[in-house]
Amino acid sequence: MTIRLSGLLAMAPAAMSQAARARADRPALALFWVPVLMLVMAVLPAIADTTPTAGQRERLARFALADQQPSRALYWLGAADSAGADYSRARAWLQTGRKNEAIKTFVTIADAGKAYGGDAALALVKLALDADDEAAARRHIDTAVNLSSGQRKQEALFYRADLQRRAGQTDQAGRTLSRMDGGYWAALGYLNLAADYSRTDRDPSRALVSLRVAQALAAEDTNPDRARDLTNRILLRAGVLSCQSEDYTKALGFLEKVTLDSYLAPQALYFDGLAHAGRDNYRAAMQAWHRARKYSLAFPGAADAWLGMGRGYDESGYLGQAGEAYLAASSAFESEQVSLKTLMDNVRRDGAYSALVTSARQDDVEWFLADSRTLTQPRMAYLLHFMEQPQAQKAVGRVAYLDTLARSLDRRQHDVGIFLKTLADFRQPGKSLDHELSDFDRQLTVVSARLQSLSDRASSGSPAAARLSRLRETLDRLQARRETLAQKSQRGSPGTQHELSRQLETVQTGLVRQQKRLIALRRRAETQLDKLTLDFLQGQSRQIADTLDRTEQQIAHLYEHLALTGLKQGGQP
Amino acid sequence: MSERCFKVVKMRWPALVFALAVVSPHVFGDSLDHDIDALARDVSDLSQTLYGVEDAMLFPADTRVAVYLSVADRDSFVLDSVELSINDQPAISHLYTDQERQALAQGAIQQLYMGNLPAGQHTLTATLNGQAANDHYVRQQHQFTLRKRAGETRVQLVVEAGPQGQQPDFALREWQ
């Protein structure tokens, strides 16, 4: 590097002399180097210092949070001190195990009543409701409503209505909901209100009106998947209420709109069949139940649909087919019991997370059939049914989080190993380049002065001025390369390497310690999940056993009826 | 006294076991969550330390180039994905989630790429895919010249509303 730099500097005077000879007829124009050294040295730090500003770091942190990288967000935020930074920091703390610090920060921001106050108050409401602390939620709900805007305000109003509903103030909740804009939150509020009305009222009219309003408001949701799921729930609820009040025509109007790719489809089809049966249209009822039988028995409604087929044939007078239908149902239930037993054995052997959660994912190439296959796979069906319970969601979430953390720690451990090896392999001579660089600086100063002198004499726009300009650029590049070399020399110094190695070794030790803790925690979390899963599957097995008993009773009744009918006919003259 | 205590325990142990069975999932669940939180805290601290060391080691200041991305006009364009090439070599591509799009619309900045380049002139090619204001799907490519000087170079790609709000435009700004 030193030789090349010196060579370039040696060339400069030669170039200057050549230019001087070529322009002998003009006022003596020799190439003098502009004294840019001091100027460049003064300017370079300004160019080099492009560290993000506090505002930029806050914006970078916001994206990191959206990208599910809370540690990276905390790295960007550093010690930044603004309402936005505090709010982002609190959100990152929530995701990295610092819940108490996060709550304190949210309280400070909410109490200040300024920027992000509404968001912070809403976060406090949700945290309080998660912890079943309605009193704490009520303390912050007004701030959340008053300081929020847009969808956040709608969400805050939903929680206000929900708190009123839980306190038994359904009229007040209804008034709050009536002031909301159309969309998901308002629809969800009316759905919850309808659930309360259906529990307290004998007449389902109020509940059905709420559900109709919810259906209209759900159509205004900008998220189509969420809107479709909520609408299916509303339609099913309305259909069941109508069935219970024996308004079968109304029930059919709701139930036939439930989409068949929904998790609720088997239940909707079963009730659809019940509604048809209520109108004595057993043919249509059996068509609905026949479609429901295609779904896994894990789904609510599917087992009842099997029994429904037998009942339908029975009511229609086809006793032979009724017997066959009941026998087919009995066979299906026995087969499902075997599947459940196999699943429970897999859970005991491999753990619930592996046997139920990860194995429910599709690994084959026919991913584009995922939607139609999802609901027919028993494992996925049991997983969806299991995940309806909040406790199950928490338990699975714990194991999934620890699984992700484990992979992240493995990756970091791998990276740190590479960094340490790189540092060990990095061989800088360690000798100082100061002497060579000083020599270079001296020569550069001389050449720069000569360029300046020549530039002063060259007329603007002339070919000589153009050549001088190009030489000035060359000088700039030389200076930049000199700086690069100085920095590399500094980086390669034993002191810097030692400091980096020390930091990396500390990180590596820390990672090993965290990996051991993680293994122990994961074992505990998986044990909890396994217990919950086995309890659930055993419950399902008992339900199938009960349904099997009912089927066998139906078969017994049927054969008893046939036997008595046969005896009567045999006894008649 | 001890015999009396033993009798009390002996009589009441079924109740104790029952209470433990009912309470234990909550107690153990809560203590497990507490321990997981403690682990998450320590891992986060380690991660932040490592980010600093990574930046110092992998991307030394003299060769560091960082490319950021932001959206100036939230209504002009729904960003689906972006691809970045440097000197005709693919550098990075990113597919955006709804949350990331929302964050960008609210003013967030994404660190799209961090790498090393020697001093001199380089070509930066950015291709963006998404939906324009008129609901048409758009794939646009822009080429920029990047001049790498000594020290860090940080540039920001800004997606702006194009003329007449139809097609979006890309601008490259250098951080000073």
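Derivation of every value follows stated rules applied to the coordinates shown; laboratory data play no part. What you see is a predicted model; the values in this text were computed from it and never measured. Cβ: placed from backbone, ideal geometry, glycine included. Neighbour counts: every protein chain shown.
Here the stretch A:131-235 was treated as a single set of alpha-carbon atoms; its pair distances binned every 5 Å from 0 give 2, 14, 23, 23, 19, 12, 5, 0 percent.
Each of A:W93, A:A73, A:A83 was placed along the dipole of the stretch A:66-126 (beta-carbon charges, centred on the mean Cα), and the one lying farthest toward the positive end is A:W93. Model label points for B:Q102 and A:A545, set 7 angstrom from Cα along the Cα-to-Cβ axis, are 4.6 nm apart.
Pairs with C-alpha atoms separated by more than 31 Å, drawn from the list A:K114/A:K394; A:K250/A:K394; A:K126/A:K531; A:K104/A:K394; A:K126/A:K250; A:K341/A:K394, are A:K114/A:K394; A:K250/A:K394; A:K126/A:K250.
Dipole of the stretch A:225-279, Cα-centred, from +1 at each Lys and Arg C-beta and -1 at each Asp and Glu C-beta, to the nearest 20 debye?
Working: 7 positive and 7 negative charges, 25 e Å.
So the dipole magnitude of the stretch A:225-279 works out to roughly 120 debye.
Other protein chain C-beta atoms within 10 Å of residue C-beta, averaged over A:68-78: 4. Each listed q (0.20, 0.22 Å⁻¹) maps to a log10 I(q)/I(0) for the stretch A:200-335, found by the Debye formula over equal Cα scatterers with no solvent: -1.10, -1.22.
In summary, the convex hull built on the alpha carbon positions of the stretch A:57-135 has an orientation-averaged projected area of 4.9 nm².
Over the stretch B:97-142, how many percent of alpha carbon pairs lie in each 5 Å bin up to the one with the longest distance? Percent of Cα pairs in each bin: 5, 14, 16, 23, 20, 11, 8, 4, 0. In the stretch A:158-312, if the dipole is taken from +1 on Lys/Arg beta carbons and -1 on Asp/Glu beta carbons about the Cα centre, which of A:Q267, A:W306, A:A218 is farthest to the positive end? Projecting each Cα onto the dipole axis, the largest value belongs to A:W306.
Convex hull volume per residue, computed on the Cα atoms of the stretch A:514-556, equals 34 Å³. Counting 0.36 nm for each residue step from A:Q389 to A:T200 and taking away their Cα separation leaves a gain of 65.6 nm. Here is the size of the stretch A:77-196 from its Cα atoms: Rg then Dmax, 14.9, 48 Å. Ordered from longest to shortest, the equivalent ellipsoid semi-axes for the stretch A:173-241 are 19, 14, 7 Å, each the square root of 5 times a Cα gyration tensor eigenvalue. The mean of 1/r over all pairs of different alpha-carbon atoms in the stretch A:259-366, once inverted, gives a Kirkwood hydrodynamic radius of 15.3 Å.
Spatial offset of the stretch A:132-175 relative to the stretch A:498-519 amounts to 46 Å, using the alpha carbon center of each.
Comparing Cα centroids, the stretch A:271-312 and the stretch A:234-248 end up 15 angstrom apart. Relative contact order of the stretch A:98-148, taken over Cα pairs closer than 8 Å and 6 or more residues apart, is 35 percent. Calculated FRET efficiency, B:D30 to A:Q515, Cβ-Cβ distance, R0 = 25 Å: about 0.55 to the nearest 0.05. Viscosity 1.002 mPa s, temperature 20 °C: Stokes-Einstein D of the stretch B:103-176 from its Kirkwood Cα radius, in µm² per second? This corresponds to a translational diffusion coefficient of 153 µm²/s. Per residue of peptide B:104-117, the mean number of Cβ atoms on other chains within 10 Å of the residue Cβ is 4.
Within the stretch A:99-154, all pairs of alpha-carbon atoms sorted by distance into 5 Å bins from zero give the percentages 4, 25, 32, 26, 11, 2.
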